[in-house]
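Each remark here refers to the structure printed beneath this line.
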Amino acid sequence: MNDTTDGETGSFVGEAHRPMGSKKRSSEAEAPRVARRSLLTGAASLGAIAAGLGCKSASDADQKSASLPSIVGAADRPETADLRVGIIALTDCSPIVVAHEKGFFKKYGINTTIVKGASWAAIRDSLSNGDIQATHMLLGMPLASTMGLLGSPPKPMIIPWLLNRNGQAITLKAAFKGKVRGDAKLLKPYVDEAKKQGTPLTFAMTFPPGTHAMWIRYFLASGGIHPDKDVALVTIPPPQMVSNMKVGKMDGFCVGEPWNARAIADGIGYTALTTQDMWPDHPEKVCAFTEEFAEKNPKTVKAVLKGLHEASVWLDDMKNRREQAEIVSRPTYINCPSELILGRLEGHYDYGDGRSKEDPNCMIFSSRNCNYPQPKYAKWWLSQFRRWGMVDTAPDYEGIAKRVMRTDLYEEAMNELGVAHGGRTESSETLFDGLAFDPQRPEAYATGFNVNSVKA
């Protein structure tokens, strides 16, 4: 496969520091594989881009929690009151940031310090080694870590809370404007010609087993393009996507907001399609913990979930979205103009190629049973690990989904709040290509695609 094992290529803009005091894994100490087209490097470029996009170090990003009167009784007091919580500079870090800034974590006895990471691999390692205790994460990451996927040491992690649905996109460079929209079949002739010339097109995602990787893979494959054979697929941290496209080092990427909107504002790319165009109300980011921490600190985990619940309800009141954009746009969080964040948060989608729409499936944080950690979503991810040869044989779909997707912790926390929820569902899901995923038959789904890397 083209993607790197631990999610960092080492040849992108902005990785001048390693945040949060985390120790490098041995795999990260080794010389990284170089993508087929080298990405922007150099100390001068690193400094310039870091200044422009605000990839702050951990010390710059650490923020102490706001204060509200605590309502926690002695019986519910968290086992661990002081938590460091990781985020990446993306709009969907909002529930964590708002719970911190508005004092919702404090209300349930949790004193939070928010720590901004430079990459998803850094976030994973910081959670694994205990430098942070909870984190914003791509849905596929706790699954991959629990399994020891792609050569990483197994570290069981859990998902008791889905942070958001929708709100990601696939951006293509401006040269494709007017030629390719949401149908990857229109992209295939350009892919084939570039491959024939020995200079395959380069597409980026943010972490090999993560959400953005699966969306870009699914999109390309829907047009008959094999992501491991026909193009170069590379790993770039979210805030560095626009910088690398700006200097002509990539042809498309999949990332969360606000970086797709930023590409349009900078005139270097446009949105081919959003991820909710591919799968309305798809799951996206999660709040993750290590399994070990959750076992030792169940009251702490539930206190975090209660704070996230209050923040998420606040976020889904649309009149609060302007304030949300202002809060998360700050240099310590996303470091991006708030107006670039606000438009798509409110459902105003300008695709940058003449198309625009008011999207009822814009990013949500609480409504439509958003936060329930549905096991079927884990099984969908496992089916894609299988499809793309990230596992050698059929994974334990039921066992891994049950271990990682902690419906028990979610339900206990909501019951203690007296909050009703939609509960578990095993209904099928149909993506934009018309193929239905049946959670009861994930292996048949995984092995049924025409474009795949399934290992016998």
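Every read-out reported here was derived from the displayed coordinates using simple, explicitly stated rules and does not represent laboratory data. Not measured: the values here are computed from a predicted model. Positions of Cβ are backbone-derived with ideal geometry, glycine not excepted, and every protein chain shown enters the neighbour counts.
Worth pointing out:
- Sequence-distant residues sharing a close amide H with Phe289 (under 5 Å, placed H): Ile158
- One chain, two ends: Glu292 and Asp350. Fully extended at 0.36 nm per residue, the span grows by 16.5 nm beyond their Cα-Cα distance.
- Partner aspartates and glutamates for Lys302 [C-alpha distance under 16 Å; skip if fewer than 8 residues away on the same chain]: Asp76, Glu79, Asp82, Glu291, Glu292, Glu310, Asp408, Glu411, Glu412, Glu416
- Model label zone, Asp192; criterion: amide N under 14 Å from point 7 Å along Cα-to-beta-carbon; scope segment 219-240: 223-226, 230
- Contact order normalised by residue count of segment 164-311, Cα under 8 Å, 6+ apart, percent: 38 percent
- Residues with amide H under 5 Å from that of Phe437, placed H, sequence gap 5 or more: Glu429, Thr430, Leu431
- Karplus-derived HN-Hα couplings along segment 112-122 (A = 6.51, B = -1.76, C = 1.60, θ = phi - 60°), whole Hz, x at Gly and Pro: 9, 10, 8, 10, 8, x, 7, 7, 5, 5, 5
- For segment 67-135, the Cα-based Rg and Dmax, in that order, read 12.8, 38 Å.
- Reachable lysines, given that their alpha-carbon falls under 18 Å from the alpha-carbon of Lys246 and they are not under 8 places away in the same chain: Lys173, Lys177
- Approximate spin-label separation His421-Asp266, in nm, with each point projected 7 Å along Cα-to-Cβ: 3.8 nm
- Stretchable slack from Val247 to Thr447, in nm (0.36 nm times residue separation minus alpha-carbon distance): 68.2 nm
- Approximate spin-label separation Glu398-Ala436, in nm, with each point projected 7 Å along Cα-to-Cβ: 2.2 nm
- Phi-based couplings in Hz for segment 142-149 (Karplus 6.51, -1.76, 1.60; Gly and Pro marked x): x, 5, 4, 5, 4, 7, x, 5
- A simple rule links phi to the HN-Hα coupling: the Karplus curve 6.51 cos²θ - 1.76 cosθ + 1.60 with θ = phi - 60°, which for segment 430-439 gives 10, 8, 5, 8, x, 7, 8, 9, 9, x Hz, with x for Gly and Pro.
- Residue order, fewest to most beta carbons within 10 Å, for Ser356, Ser329: Ser356, Ser329
- Between Arg330 and Ala456, the FRET efficiency from the beta-carbon distance, with R0 = 56 Å, is close to 0.65.
- The stretch between Thr80 and Thr199, if pulled fully straight at 0.36 nm per residue, gains 37.6 nm over its current Cα-Cα span.
- Counting neighbouring Cβ atoms within 10 Å and putting the fewest first, the residues Trp381, Trp314 line up as Trp314, Trp381.
- Amide H partners (placed H, <5 Å) of Ile364, local residues excluded: Arg165
- Computed from the alpha carbon positions, the gyration tensor of segment 203-352 leads to an equivalent ellipsoid with semi-axes of 29, 22, 15 Å, biggest first.
- Among Met390, Met157, the order by Cβ neighbours within 10 angstrom, fewest to most, reads Met390, Met157.
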